[in-house]
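Here is the structure we will look at, set down as structure tokens.
The values are calculated or read from the model by the stated rules, or taken from the named source; none is laboratory data. All figures in this text were calculated on a predicted structure; none of them were measured in a lab. As a convention, Cβ positions derive from the backbone with ideal geometry for all residues, glycine included, and neighbour counts pool all protein chains shown. Note: areas computed on protein heavy atoms with side chains; ligands, DNA, RNA excluded. Shrake-Rupley method; radii C 1.70, N 1.55, O 1.52, S 1.80 Å.
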Amino acid sequence: MRKYLIFFTILMTLASCGTMRNASYGKDVKQWYTQNPDPNTSPIHSLFLIGDAGDLDNSTDHTNYVLESLKKHLALETGETSLVFLGDNIYPHGLPAKNARDRSLAEEIINAQLECTKYHNGPSYFIPGNHDWNKHYPGGKEYILRQEKYIESYSDKNNEIN
């Protein structure tokens, strides 16, 4: 009986997987991968998604190469844009208390991201990741609330940050 139960469980798991079937496309987009967009059109809105920006690539210069590249791309955009930081904004443990010895480095890291928000025309969003929550150690909620308050203090009418 146990053998049949295991076999039935495996069979049902495989049958319920979406990977067992091919993708389904409408008739008008069957060959979507061969169609090229009109080169004379411009995007309606550009969305920039940046994840794990809380680490420095060069700890001597305190630079992050992705953020440097992001600033260049944002400066070239002529239309509306949105910028979303997808979490892990401050390594290794989020924004420490003001009297902590590593607070100034954490501020430099988040300031580099906040600086990017000035380079585009549209809203910016910051989503916390596990590092921002103090990697789920005690006091994580306080780390997030400090980061939220710090980011909100940077936001103004000309620079909408959520």
Point to revise | Number of positions in the range 113-162 that are open to solvent by 50 Å² or more (accessible area, probe 1.4 Å) and either touching a strand residue (DSSP E or B) at 6+ places or on another chain (Cβ under 9 Å) or β-branched (V, I, T) (or both) | key: 10
Exercise for review: For the range 38-75, enumerate the residues that are part of a loop (DSSP other than H, G, I, E, B) and charged (D, E, K, R).
Suggested key: D38, D52, D55, D57, D61
Check your understanding: L56 versus (1) touching a Phe, Trp or Tyr at 6+ places or on another chain (Cβ under 9 Å); (2) within 17 Å of Y143 (Cβ to Cβ): which is the lone unmet condition?
Key -> (2)
Review point. Looking at the range 59-103, which of its residues are more than 30 Å from T41 (Cβ to Cβ) and of a type in the set (A, V, I, L, M)?
Key: I90, L95, A97, A100
**Study point:** Those residues of the range 35-62 which are out of contact with any strand residue (DSSP E or B) (no Cβ under 9 Å at 6 or more places or on another chain) and among the charged types (D, E, K, R), in sequence order
**Key:** D38, D52, D55, D61
Revision key, fill the gap. Of those in the range 88-118 that are more than 17 Å from I50 (Cα to Cα) and among the polar types (S, T, N, Q), the residue modelled with the lowest pLDDT is S104
Review point. What is the residue count in the range 76-110 for residues that are in a helix (DSSP H, G or I) and either open to solvent by 60 Å² or more (accessible area, probe 1.4 Å) or touching a residue at least 12 places away in the same chain (Cβ under 8 Å) (or both)?
Key: 8
Review point. Taking into account only those residues within the range 16-69 that are modelled with pLDDT under 75 and among the β-branched types (V, I, T), which is least open to solvent (accessible area, probe 1.4 Å)?
Key: V29
Exercise for review: Inspect the range 70-79 for any residue being modelled with pLDDT under 90, touching a helix residue (DSSP H, G or I) at 6+ places or on another chain (Cβ under 9 Å) and under 27 Å from W133 (Cβ atoms) and give the result as yes or no.
Suggested key: no
